[in-house]
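Below: the structure, in structure tokens.
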Amino acid sequence: MKRFHLNLYKTAFACLWAASVLLASCSPHPKTGEKEEAQTEKPKAPNEGVTLSQNQLDAVGIRMGSVEQKNLKSVVKASGQLEVPPQNKAEVTLLMGGVVNQVFVLEGQHVAKGQKLATIENNQLIQLQQDYMSALSNLAYATKEYERQRELNEANAGTGKIYEQSQTALRSEQAKVSALSRQLRQVGVSPESAAHGRFITQIPVYAPISGTIGKIVIQTGSYAEPARALMNIIDNSKVHCDLVVYEKDLFKVKAGQQVSFILTNQNNREITGKIYGVNQSFENESKAIIAHAVIEQATKNNLIQGMYVSALIDVGRQEATAVPTEAIVKSGGKEYIYYLTRVADQAASKAKGEKDEDNSSGKAYVFEKAEVVTGVSDLGYTEIKLVKGLPKDMKIVTKGAFYILSSENATGDEDE
């Protein structure tokens, strides 16, 4: 009997608990979290700009003006790299191979034209000098024979055929001596020394131009092959810039135009130069041409072949929409100008809950910002393009725009 009453009580308690849960789920009242969210969500106020009093404008020195049409410098943007003319770089090669006897220079060393760089040992050089001496002897004999036959021919004591043969032999020996002499000079041997029997076995290697020694590929005891570079020399004093100009700017770029270069890998160092030539054919299939620019004071700037540059080519002047450079401010990676939307009454500003300012004129100036894309800068003005149009004759802030930006940012922080 007791067990029956106990089960009855448990069943009744379970029914009451289920009924309370059901009533709670059907209740129209929001949950606590929903109630808090409903209280915190507020409609966002529209952007009403930045409001400043006349005293604030005077204290900071804010000035207003208009967007103007200015005759600004027009430029073409280009990029490229520094190059050296072919006549200012050389590879040192040999016409006659041999074993390297000595090397007199180091990489990075400056050398003058005609300076001895190395010596090459070659036994064939002795044979060449012997051939030259032999040719000189034959030439001497042919000269005497020709003179003798000429005298006989003039005295009608000889035959014309022998005279002509002696003349042909003389010319042949003269040509042979001339050719051997040229070969000796090409390998750096003096024909005069060989003529007196002062033979040498080492070929001297001289610098063909003045400049700085680059990569040296030979060493003492190695074999230097003919026509293979032993080292290279480069003269960076005549370095110039090859700029890539695309088809759309092709007819703007001409010889004589001034260029400003920015060395991208040299802390954006700026140098100047001038266009001296423009190619008349496209490079491959890129629809671009190469404009060559000489660099002013290239030696003092310590420039090296292969440096990458960005350049602005001055192609003249053009009419452009512009504002004073200090009227432009940057915020969030974009550029803006501020313009006057309206002049409000001070009492109206107070009614909106704004701070009470000492405003002797009773006026409140409301400014908003407009995004712009900037172009070239010249004579204190910068070219602009408005992302969204503004009403004609709209007053813009020409001085003190940064203060308005700071005020706007401060207001935004307070709202948060």
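Exactly one of (1) in the same structural domain as Ala227 (by TED's automatic domain parsing); (2) under 21 Å from Thr220 (Cα atoms) is unmet by Ala112. Its number?
Ala112 satisfies every listed condition except (2).
Here is a yes/no grid of residues against (1) out of contact with any helix residue (DSSP H, G or I) (no Cβ under 8 Å at 6 or more places or on another chain); (2) hydroxyl-bearing (Ser, Thr, Tyr); (3) closer than 30 Å to Ile295 by Cβ:
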{"site": "Tyr206", "(1), (2), (3)": "yes, yes, yes"}
{"site": "Tyr223", "(1), (2), (3)": "yes, yes, no"}
{"site": "Arg228", "(1), (2), (3)": "yes, no, no"}
{"site": "Asp242", "(1), (2), (3)": "yes, no, yes"}
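Any idea which of Ala155, Ala169 is in contact with a helix residue (DSSP H, G or I) (Cβ under 6 Å, 6 or more places away or on another chain) and of a type in the set (A, V, I, L, M)?
Being in contact with a helix residue (DSSP H, G or I) (Cβ under 6 Å, 6 or more places away or on another chain) and of a type in the set (A, V, I, L, M) holds for just one of Ala155, Ala169, which is Ala169.
Do we find that Glu283 is under 28 Å from Lys248 (Cβ atoms), surrounded by fewer than 14 Cβ atoms within 10 Å (Cβ to Cβ), out of contact with any helix residue (DSSP H, G or I) (no Cβ under 7 Å at 6 or more places or on another chain) and not polar (S, T, N, Q) in this structure?
yes
Tell me the residue from Ala169, Ala207, Ala194 that is farther than 17 Å from Gln127 by Cα, touching a Leu at 6+ places or on another chain (Cβ under 7 Å) and surrounded by 13 or more Cβ atoms within 10 Å (Cβ to Cβ), please. Write out each step before concluding.
Details: Ala169 fails: touching a Leu at 6+ places or on another chain (Cβ under 7 Å); Ala194 fails: farther than 17 Å from Gln127 by Cα.
When all the criteria are applied, what remains is Ala207.
Name every residue in the stretch 375-390 that is at pLDDT 85 or above and crowded, with 16+ Cβ neighbours inside 10 Å, in order of residue number.
Passing the criteria: Tyr381, Thr382, Glu383, Ile384.
Checking Asp393 against (1) on the phi < 0 side of the Ramachandran plot; (2) modelled with pLDDT of 80 or more; (3) not in a strand (DSSP E or B), only one condition comes out false. Which one?
So Asp393 meets the others, but not (1).
Test Gly214 against the stated conditions and say whether it is on the phi > 0 side of the Ramachandran plot and small (Gly, Ala, Ser).
no
The values are calculated or read from the model by the stated rules, or taken from the named source; none is laboratory data. Treat the numbers as computed from the prediction; the structure is a model and nothing was measured. With ideal geometry, Cβ positions are generated from the backbone for all residues, glycine too; neighbour counts draw on all protein chains shown.
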